Amino acid sequence: GIDTAYDLKLIEFAKPSLENKTKVTGDFKIKNINRTVGTMLSGKIAKRYGAEGLPDDTITLNLTGSTGQSFMAFGMKGITINLTGDCNDYVGKGLSGATAVVEGVGDHGCEYMTGGTVVILGDIGRNFAAGMSGGKVFVYDPDKQLKGKLNHGIVNSADIEKLIDTEDEVILRNLIEKHFEYTESKKSKMILDNWDKEKFNIVRV
């Protein structure tokens, strides 16, 4: 079932943000028994402020540990979560306008994606992009694993293209730079330091 107690704690903490858009920042530990974390909090934002949500970074949560299933499902604008640790399945399910940079995903990545931008700088699991109908996914794929992992129901090999679009290149580089800024990731640094070579290992779905 859903762990309501955890979200009620977050809602209590974020009261100033919910009531008058005051910025708050907090540190919390999380365990994989804590499911759908951020969803009830997002519901409170949606109820009060509608689809527009709150301004970016109104509520900043620094979490440490492992998240349960459906972490930040149906997440609303205005919540920034910095997680040090790992996630279970269904991260960001139903997220609208998702921008995400990750260093690997398990099975069913980007399933039913309708919009937004996702950058994956690592391995992907099977059944990738099943039911995907919109948005852009960039995969760093030096070992050419993507074609074998793709769900070919809607997305087929013809929908995979090398990164040749200048606009895409600018967006992508900017996102990887931000990822490095936030995480000091060794992989993103390696890609940025060798950009003219490594960009040819990135494919767009």
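The values are calculated or read from the model by the stated rules, or taken from the named source; none is laboratory data. The structure displayed is predicted, hence computed values, not measured ones. Every residue, glycine as well, gets a Cβ built from its backbone with ideal geometry; the counts of neighbours run over all protein chains shown. Each accessible area value is taken on the protein alone, full model and side chains, heavy atoms only, with ligands, DNA and RNA left out. Shrake-Rupley method; radii C 1.70, N 1.55, O 1.52, S 1.80 Å.
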| message | If a paramagnetic tag sat 7 Å from the Cα of residue 13 along the Cα-Cβ line, which residues of the stretch 79-112 would have the backbone N under 11 Å from that point? | response | 81-82
| task | Take every DSSP beta bridge with both residues inside the chain and express the antiparallel ones as a percent of the total, to the nearest 5. | result | 15 percent
| message | Along the Cα→Cβ direction, 7 angstrom out, place labels at residue 181 and residue 84. What is the inter-label distance in nm? | response | 2.1 nm
| query | How far apart, in nm, are the 7 Å Cα→Cβ label points at residue 162 and residue 107? | reply | 3.3 nm
| remark: Taking every other residue with Cβ under 10 Å from the Cβ of residue 171 and scoring Lys and Arg +1, Asp and Glu -1, one gets -2
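Using the C-alpha atoms of the stretch 79-144, what convex hull volume per residue, in cubic angstrom, is computed? Numbers along the way, then the final one.
Details: hull volume 6.0 nm³, N = 66.
With only Cα atoms used, the stretch 79-144 gives 90 Å³ per residue.
Compare the peptides 82-92, 37-47, 189-199 by average per-residue count of other Cβ atoms within 10 angstrom and give them in order, highest first. Show your work: numbers first, answer last.
Details: 82-92: 15.8, 37-47: 19.6, 189-199: 13.5.
Listed from highest to lowest mean packing, they are 37-47, 82-92, 189-199.
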| task | With everything on Cα atoms, drop me the angle between helix 4-13 and the longest principal axis of the chain, reported from 0 to 90° to the nearest 10. | result | 70 degrees
| remark: Nearest 10, in degrees from 0 to 90: the angle of helix 39-49 to the longest Cα principal axis of the chain is 70 degrees
| request: Measure nothing but the geometry: give the 0 to 90° angle between the long axis through the Cα atoms of 166-183 and the longest principal axis through the Cα atoms of the chain, rounded to 10°. | output: 50 degrees
| query | At a probe radius of 1.4 Å, what is the per-residue accessible area of residue 180, in Å² to the nearest 10? | reply | 70 Å²
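Quick one: in the stretch 1-98, what % of C-alpha pairs are over 23 Å apart?
Working: 709 of 4753 pairs.
That tail contains 15 percent of the Cα-Cα pairs.
How large is the helix-only mean residue ellipticity at 222 nm for the chain, computed as the sum of -39500 (n - 2.57) over DSSP H runs with n ≥ 4, divided by its residue count, in deg cm²/dmol to the nearest 500? Please report the intermediate quantities before stating the final value.
Working: 7 runs with 61 residues, N = 205.
So the helix-based figure for the chain works out to -8500 deg cm²/dmol.
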| message | If each residue of separation counts as 0.36 nm, what is the full-extension length gain between residue 136 and residue 23 once their alpha-carbon separation is subtracted? | response | 37.6 nm
| query | What percent of all Cα-Cα pairs in the stretch 90-205 falls in each 5 Å bin, counting up from 0? | reply | 2, 11, 24, 26, 21, 12, 3, 0
| What is the spin-label model distance, in nm, from residue 114 to residue 152 if the labels are put 7 Å beyond Cα along the C-beta direction? | 2.8 nm
| What whole number of Å gives the distance from the Cα centroid of the stretch 175-189 to the Cα centroid of the stretch 43-63? | 25 Å
